[in-house]
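S.K.: I have a structure I would like to understand better, so I am pasting it below and will then ask my questions one at a time.
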Amino acid sequence: MTSTQQRDKLQRQIWQIANEVRGSVDGWDFKQYVLGTLFYRFISENFTDYIEAGDESIDYASLPDSVITPEIRADAVKTKGYFIYPSQLFVNVVANAHNNESLNTDLAKIFAEIENSASGYPSEEDIKGLFADFDTTSNRLGNTVTEKNRRLTAVLKGVAELGFGDFEKNHIDLFGDAYEFLISNYAANAGKSGGEFFTPQHVSKLIARLALHGQKRVNKIYDPACGSGSLLLQAKKQFDEHIIEEGFFGQEINHTTYNLARMNMFLHNVNYDKFDIKLGDTLLDPKHDNAKPFDAIVSNPPYSVKWIGSDDPTLINDERFAPAGVLPPKSKADFAFVLHALSYLSAKGRAAIVCFPGIFYRGGTEKKIRQYLIDNNYVETVISLAPNLFYGTSIAVNILVLSKHKNDTKTQFIDASGSDFFKKETNNNILTDAHIEKIMQLFADKEDVAHTASMVDTYSIAENDYNLSVSAYVEPEDTREKIDITKLNAEIQETVARIDTLRSEIERIVAEIEG
């Protein structure tokens, strides 16, 4: 069995478990139990692998908790960010789950102790609340303790039976892939609510490559609306780890999704000291002011959400928004995220941001912000993508690429919305690797390509009322059938002549009959 077949089989198994176990519970509500159990197994085996350090004489899971000294515990927390006693390991809990009448409360205690193990250590904020959404006492698991334990046991045993193989050889990749697979399936089935926190991997890959294009190394990468962290992790997957020196930074407003993002980091083997994911409203309470600037920024912020805007007069003096001289409209915060990203971008950096198309042509303060961006030469490229690439919306979105180190005053426009730039699947369109390569080549070349790409100078954009819609600068190919008028006229004349001949023949026959 190839690695691809192994991965496909594993994904089918895990989705089957997720559906079978949840019973009548809505899949979206039940996701944290499957995802949380997968995470619990991962950190247990990851921690065991760390403690045993390849020494086959050590079987950490079989040791009594009493042999753990305070020194062993402290050293482990400093390195891994958390501590798990042998009795708390996934393998030991699942072995006795079916006989444990207090399974739900025991799990709650274990999760609390894992989180509390980081108290007073640098990893405290990264570990705190990781299991907050794994509520083992919730009535969604059942109305009685027996029902709750039955369902928890089923989830634990289902995840335990997944064949991840040897931890050192492939565990990390398979765990991370399984987690991403589950998140993407939950997002796809949840519609809009899921699509808000998960960017499909194929789109994430394109965004990450745009942000990191041409950079041999970056100080760190940042997503101001990071959702489940998929965009940040695509950067890790696409490039050698040494390229991103100081790690992965993000902020997320939704508490459940914030927990998913932190779990996602661990599951992709990003240690606590290499990521900094914060909870909070990025626009009103940014958490990474002291960490900026960033050489790479990726983002798929929420489309056209409301924000306080001009109702808070102090925001016009905020260093993120002040340079533009205006605030984005209260009903549409899209450009607020753009200006935030621009403010956090380093002089050598690049930001790739998914944007709702309307912000590129509407008037009012949005036009003034576009003027600020163009007049200061911050817009490197605008790319229009195919429709139906994202979960929960069929909108054909754009990618805005910002840069502070352009070597000319032209802006590139790429139309990647045609059938040559996506593959149609049952529910959504997708970008294949070939499509991504094609877009990246156009982006890198910065050349005019008929009906596909255009380099436009600042004067022309200003003359066009600072419209940044791709369709304003890339003329679509006329695919209508071309008609040769000369040939058509000749065919008409020939037809008329035949009709005249037939008419004359008919008249002759009629005359003969009447005669």
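S.K.: Just to be sure before I move on: is ARG140 modelled with pLDDT under 90, open to solvent by 40 Å² or more (accessible area, probe 1.4 Å), assigned to a helix (DSSP H, G or I) and under 16 Å from VAL34 (Cα atoms) in the structure I sent? Break it down stepwise before answering.
M.R.: Working: modelled with pLDDT under 90: yes; open to solvent by 40 Å² or more (accessible area, probe 1.4 Å): yes; assigned to a helix (DSSP H, G or I): yes; under 16 Å from VAL34 (Cα atoms): yes.
Criteria met by ARG140.
S.K.: Which of the residues that make up region 374-399 are touching a residue at least 60 places away in the same chain (Cβ under 8 Å) and either more than 15 Å from PHE413 (Cα to Cα) or out of contact with any helix residue (DSSP H, G or I) (no Cβ under 8 Å at 6 or more places or on another chain) (or both)?
M.R.: Scanning region 374-399 gives ASP375, LEU389, PHE390, TYR391, GLY392, THR393, ILE395.
S.K.: Shifting gears a bit: Is it the case that TYR344 is in contact (Cβ under 8 Å) with a residue 40 or more places away in the chain, surrounded by fewer than 19 Cβ atoms within 10 Å (Cβ to Cβ), of a type in the set (Ser, Thr, Tyr) and within 19 Å of LEU402 (Cα to Cα)? Quick ask: steps written out before the conclusion?
M.R.: Details: in contact (Cβ under 8 Å) with a residue 40 or more places away in the chain: yes; surrounded by fewer than 19 Cβ atoms within 10 Å (Cβ to Cβ): no; of a type in the set (Ser, Thr, Tyr): yes; within 19 Å of LEU402 (Cα to Cα): yes.
Criteria not met by TYR344.
S.K.: Determine if region 230-251 includes at least one residue that is open to solvent by 60 Å² or more (accessible area, probe 1.4 Å) and on the phi > 0 side of the Ramachandran plot. Lay out the reasoning, then the answer.
M.R.: From region 230-251, those open to solvent by 60 Å² or more (accessible area, probe 1.4 Å) are 237-238, 240-242, 245-246; that's our starting set.
In the following step, the residues that additionally are on the phi > 0 side of the Ramachandran plot were identified as none.
Checked region 230-251: no residue is open to solvent by 60 Å² or more (accessible area, probe 1.4 Å) and on the phi > 0 side of the Ramachandran plot.
S.K.: Kindly evaluate TYR121 against the criterion of being among the hydroxyl-bearing types (Ser, Thr, Tyr) and within 26 Å of PHE249 (Cα to Cα). First the steps, then the outcome.
M.R.: Details: among the hydroxyl-bearing types (Ser, Thr, Tyr): yes; within 26 Å of PHE249 (Cα to Cα): yes.
Criteria met by TYR121.
S.K.: Can you tell which of THR409, THR432, THR452, THR458 is over 27 Å from VAL379 (Cβ atoms) and either of a type outside the set (A, V, I, L, M) or at pLDDT 95 or above (or both)? Steps first, answer last, please.
M.R.: Details: THR409 fails: over 27 Å from VAL379 (Cβ atoms); THR452 fails: over 27 Å from VAL379 (Cβ atoms); THR458 fails: over 27 Å from VAL379 (Cβ atoms).
Just a single option satisfies the conditions, and that option is THR432.
S.K.: Follow-up question, since we're still on this one. Given the criteria more than 29 Å from LYS31 (Cβ to Cβ), assigned to a helix (DSSP H, G or I) and of a type outside the set (A, V, I, L, M, F, W, C), does LYS148 qualify? Before the answer, list the steps.
M.R.: On the way: more than 29 Å from LYS31 (Cβ to Cβ): no; assigned to a helix (DSSP H, G or I): yes; of a type outside the set (A, V, I, L, M, F, W, C): yes.
No: the conditions fail for LYS148.
S.K.: Looking only at region 390-412, which residues are among the polar types (S, T, N, Q) and either crowded, with 17+ Cβ neighbours inside 10 Å or under 21 Å from GLU425 (Cβ atoms) (or both)?
M.R.: Hits for region 390-412 are THR393, SER394, ASN398, SER403, THR411, GLN412.
S.K.: Sticking with this structure for a sec: Right, THR153: under 25 Å from ASN259 (Cβ atoms), touching a His at 6+ places or on another chain (Cβ under 9 Å) and part of a helix (DSSP H, G or I) or not?
M.R.: Judged against the criteria, THR153 is a match.
S.K.: Could you tell me which residue of region 289-334 is modelled with the lowest pLDDT, considering only residues that are over 20 Å from LYS348 (Cβ atoms) and small (Gly, Ala, Ser)?
M.R.: In this case the residue turns out to be SER304.
S.K.: If I ask for residues that are at pLDDT 85 or above and either within 56 Å of the chain's Cα centre (by Cα) or not hydrophobic (A, V, I, L, M, F, W, C) (or both), which ones from region 470-493 would you list?
M.R.: VAL470, SER471, ALA472, TYR473, VAL474, GLU475, GLN493, listed by residue number.
S.K.: If I ask for residues that are of a type in the set (Ser, Thr, Tyr) and either open to solvent by 10 Å² or more (accessible area, probe 1.4 Å) or closer than 19 Å to LYS292 by Cα (or both), which ones from region 200-229 would you list?
M.R.: Step one: of region 200-229, the residues of a type in the set (Ser, Thr, Tyr) are 204, 222, 228.
Result: TYR222, single match.
S.K.: Restricting attention to helices (runs of 4 or more DSSP H) lying wholly within region 1-119, give those where 3 or more residues are loosely packed, with under 13 Cβ neighbours inside 10 Å and modelled with pLDDT of 90 or more. Walk me through it before giving the result.
M.R.: On the way: elements: 3-22, 27-52, 70-80, 90-95, 103-116.
Filter on region 1-119 gives 70-80.
S.K.: Here's a check for you: in region 220-252, which residue that is in a loop (DSSP other than H, G, I, E, B) and of a type in the set (Asp, Glu) is farthest from ASP126 (Cα to Cα)?
M.R.: ASP240
S.K.: Applying the selection to region 435-480, what residues are surrounded by 13 or more Cβ atoms within 10 Å (Cβ to Cβ), assigned to a helix (DSSP H, G or I) and of a type in the set (Phe, Trp, Tyr)?
M.R.: Result: PHE443, single match.
Here's the yes/no breakdown for (1) within 17 Å of the chain's Cα centre (by Cα); (2) without any contact (Cβ under 8 Å) to a residue 60 or more places away in the chain:
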site: SER228; (1), (2): yes, yes
site: LEU232; (1), (2): yes, no
site: ILE244; (1), (2): no, yes
site: GLN251; (1), (2): yes, yes
site: MET263; (1), (2): yes, no
site: ASP289; (1), (2): no, yes
site: ALA296; (1), (2): yes, no
site: SER304; (1), (2): no, yes
site: ILE308; (1), (2): no, yes
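S.K.: Something else: Just to verify a result, which residue in region 253-312, among those that are of a type in the set (D, E, K, R), in a helix (DSSP H, G or I) and open to solvent by 20 Å² or more (accessible area, probe 1.4 Å), is nearest to PHE181 (Cα to Cα)? Talk me through it step by step, then tell me what you get.
M.R.: Taking region 253-312 as the starting set, the residues that turn out to be of a type in the set (D, E, K, R) are 262, 273-274, 276, 278, 281, 285, 287, 289, 292, 295, 306, 311-312.
Pick out the ones that are also in a helix (DSSP H, G or I) and you get 262, 273-274, 311.
Filter once more, keeping what is open to solvent by 20 Å² or more (accessible area, probe 1.4 Å): 273-274, 311.
Details: ASP273: 25, LYS274: 23, ASP311: 41 Å.
Within region 253-312, the match that is nearest to PHE181 (Cα to Cα) is LYS274.
S.K.: Quick check on my filter: what residues within region 120-131 are outside any helix (DSSP H, G or I) and open to solvent by 60 Å² or more (accessible area, probe 1.4 Å)?
M.R.: Filtering region 120-131 down to residues outside any helix (DSSP H, G or I) leaves 120-123, 128-131.
Result: GLY120, PRO122, LYS128.
The values are calculated or read from the model by the stated rules, or taken from the named source; none is laboratory data. Only a predicted model underlies this, so the values are computations on that prediction, with no experimental measurement involved. Virtual Cβ from ideal backbone geometry, glycine too; neighbours counted across all protein chains shown. With ligands, DNA and RNA removed, areas are computed over all heavy atoms of the protein, side chains included. Shrake-Rupley method; radii C 1.70, N 1.55, O 1.52, S 1.80 Å.
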